[in-house]
Amino acid sequence: MNDQKHTQQFSQNSESTSTPKPLHQLRRSDSVLSIVQADIPQPCIIVPSILTAGEATLLAAGAGSGKTYISQHIAACVAAGTTCFGNEPCEAKKVLYIDAELGLHQIQTRFGNIFNAIGAGPGDPFFRVIHRKSIPGGMPDLATPDGFNALTSDIEWADVVIFDNLSALYTSAEELNQNDWNYYNKCIDALRNEGKAILILHHTDKTGKNYRGHTEIARAVDNVLIAAKDLKLSTNAVTVVDIAQSKSRNGASSEKLMSIAFGDVYNEGRFLMIRAK
């Protein structure tokens, strides 16, 4: 009798605690029709093909090709709300530039030149830089949760985040090891979901036509840009960089996106950066 009661009680308890919910209560999918018919706001295009809210772009180039100068120019224009490479200016955005290589004097000199060139500077709340001396002990390794979390409050503040550059910021990640980029991709996806525009600087491979490392490096990015110095047109005073788009989730990739010239472009003794063609 006692055994029968115990068995009855066990059966009742088992039914109440372990019966699975109906499958329809566990669904996480959305109706495609509801998405198509929804009033979804268009993402803000900050700099066409380079910076869009909720998207990530990888800009890869060889050493000395001007990718840092170009990204700094983009950052300054966006923070100041001025035109960038001839595009219509958008309202000023909060920009965070994470620079793992340049010293303070180099940062000061470059942005001084850039602000003079664009004829404007950002308001104090709109532009911040994290550099090698910002954090005691040096720049953290962003390939680890502790390293990335050290910059979380600054990243959360920004509308636009620029990482300069991948190998200097993700120091423990082996470029050819797929699994080493899982956490990186998770973080980039999270920033995209929060509507941030992301620009990641990286190096090209030996051919100069592709980014260096495993394909997983570009898994979470929407656009891949390959920049190369034009050796025929560049001089001691002016650097000309050709930029091609090798990946785009928004349409067909292009052989050539634009050319940018910077330096003493008009032989006037002053720094400028312009869209050459």
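Summary of values
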item	result
Amide hydrogen neighbours beyond the local backbone of M258, cut-off 5 Å, H modeled	I243
Cα-based convex hull, region 186-277, per residue volume (Å³, whole number)	128
Top positive-direction residue, dipole computed over the chain with Cβ charges, set Y266, C90, Y170	Y266
Cα-Cα P(r), region 145-200, percent of pairs per 5 Å interval	4, 17, 29, 30, 14, 5, 1
Order of C44, C84 under a 10 Å beta carbon neighbour criterion, fewest first	C44, C84
Region 154-277, relative contact order [Cα under 8 Å, separation at least 6], %	16
Highest-MSF residue in the chain out of V161, V238, V32 [GNM, Cα springs under 10 Å]	V32
Under 22 Å from the Cα of K256 - lysines, other chains or at least 8 residues apart	K67, K206, K209, K229, K232, K247, K277
Span-like helix ranges in the chain, DSSP H, alpha carbon extent 24 angstrom or more, Kyte mean at least 0.5	none
Of N165, N185, N149, the one that fluctuates the most in a GNM where the chain has Cα springs shorter than 10 Å	N149
Pairs of Cα atoms farther than 17 Å apart, region 226-277, %	40
Value of relative contact order over the chain, rounded to a whole percent, pairs C-alpha under 8 Å and six or more apart	21
Choice from I50, I130, I226 showing the highest fluctuation, given a GNM over the chain with Cα pairs closer than 10 Å	I130
Region 85-198: mean projected area of Cα convex hull, nm²	8.3
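The numbers here are math on the coordinates, done by the rules we state, and not lab data. Since the model is a prediction, treat every value here as computed from it, not as a measurement. Every residue, glycine among them, receives a Cβ derived from its backbone with ideal geometry; neighbour counts consider all protein chains shown.
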